[in-house]
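Below you'll find the structure, written out as structure tokens, and then a few comments.
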Amino acid sequence: PTHMAFVALAEAGGRVEIRPVEMTSVLDLSQGPSSYFQHLSKKLRANTNNAENGLRRLGELRCQDVAGQDDWLDWLDRAFALEAAGWKGEQGSAIARQAALRDFYRTVFEHARAAGRLHFFVLLLDERVIAFQILIRIHDTDYGVRTGFAEDLAKYSPGNVLQRMSTQALFDEGISQKLDMLGPVTPWKARWQTGEETLLRIRVYAPGWRSGLVYQALRLFHRFNDWRQQRAGTPDA
């Protein structure tokens, strides 16, 4: 409905820019678990089975949704720490590395949890968090907001193991019809997806001549850029 409102505003002459940004991987949950898991490649199913068996040989393996637990914020700190210990921490994009970003995500998750729309899956090896996945449900779609895994266990693919377990949990819950892993599409996400959808960026410009100049200038720029890419035969980046 929000998207439709912005489209109507643009068609009525409002200063609204709606453009595709990137593709996103989606999983159709309406088909049922048997149909979904059977559509996955044999290689992915075999590798995930081997990974899960390998992890079980190292200790007790279990998946939990801790969103409903009283100590969920402690689990969130553990998830942030796990993320910061990997490549995101090295690049400086980990949530725990930026106080403002950490506070933002915590506030978003608190609101989603209060509304009963938060899934917070953790994969535990004994008592150690080796992977996590945080989802927020809006209407009938769960959106994958954040994931992470223990990189020292990468050969056991804990991310794949958790993905299969959490997807099964969504099927068992029976509320969501779709899981949107959010963009961009990566080789890892593509292995699990049933299709792709386009993500749009919507910009609404305030009244006034200054914002009007920016709006018109960007419209001309995008038109020129689209024309140039069509001439070159390349897809819109």
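The values are calculated or read from the model by the stated rules, or taken from the named source; none is laboratory data. Model, not experiment: these values are computed from the prediction. So basically every Cβ, Gly included, is an ideal-geometry build from the backbone, and we count neighbours across all protein chains shown. For the accessible areas, the whole protein counts, side chains as well, though only heavy atoms, and no ligand, DNA or RNA atoms are used. Shrake-Rupley method; radii C 1.70, N 1.55, O 1.52, S 1.80 Å.
Values as computed for the structure displayed
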| item | result |
| --- | --- |
| Scan of the stretch 184-208 for residues that are open to solvent by less than 50 Å² (accessible area, probe 1.4 Å), in contact with a Lys or Arg (Cβ under 9 Å, 6 or more places away or on another chain) and modelled with pLDDT under 95, ordered by number | Tyr205 |
| Residue list for the stretch 37-60, filter: free of Cβ contacts under 8 Å to residues at least 12 places away in the same chain and over 25 Å from Pro184 (Cβ atoms) | Gln38, Lys42, Ala46, Asn49, Asn50, Asn53, Arg56, Arg57 |
| From the options Gly89, Gly68, residue that is part of a helix (DSSP H, G or I) and not hydroxyl-bearing (Ser, Thr, Tyr) | Gly89 |
| Hits in the stretch 150-183 (condition: crowded, with 19+ Cβ neighbours inside 10 Å and among the polar types (S, T, N, Q)) | Ser157, Asn160, Gln163, Ser166, Thr167, Ser176 |
| Filtered residues of the stretch 164-209 (kept if assigned to a helix (DSSP H, G or I), polar (S, T, N, Q) and either free of Cβ contacts under 8 Å to residues at least 12 places away in the same chain or more than 30 Å from Ala46 (Cβ to Cβ) (or both)) | none |
| Complete set of residues in the stretch 96-136 that are touching a Leu at 6+ places or on another chain (Cβ under 8 Å) and either open to solvent by 30 Å² or more (accessible area, probe 1.4 Å) or assigned to a helix (DSSP H, G or I) (or both) | Arg106, Phe109, Ala112 |
| Residue check for Thr141: without any contact (Cβ under 8 Å) to a residue 40 or more places away in the chain, hydroxyl-bearing (Ser, Thr, Tyr) and over 19 Å from Trp188 (Cα atoms) | yes |
| Pairs where the first residue, in the stretch 87-101, is farther than 21 Å from Asp74 by Cα and the second is open to solvent by less than 50 Å² (accessible area, probe 1.4 Å) and polar (S, T, N, Q), C-beta under 9 Å, 6+ apart | Trp87/Ser93 |
| Output for the stretch 8-36, where each listed residue is open to solvent by less than 50 Å² (accessible area, probe 1.4 Å), part of a helix (DSSP H, G or I) and either farther than 30 Å from Asn49 by Cα or without any contact (Cβ under 8 Å) to a residue 60 or more places away in the chain (or both) | Ala10 |
| Single unsatisfied condition, Thr48 versus (1) over 17 Å from Ile134 (Cβ atoms); (2) open to solvent by 80 Å² or more (accessible area, probe 1.4 Å); (3) not small (Gly, Ala, Ser) | (2) |
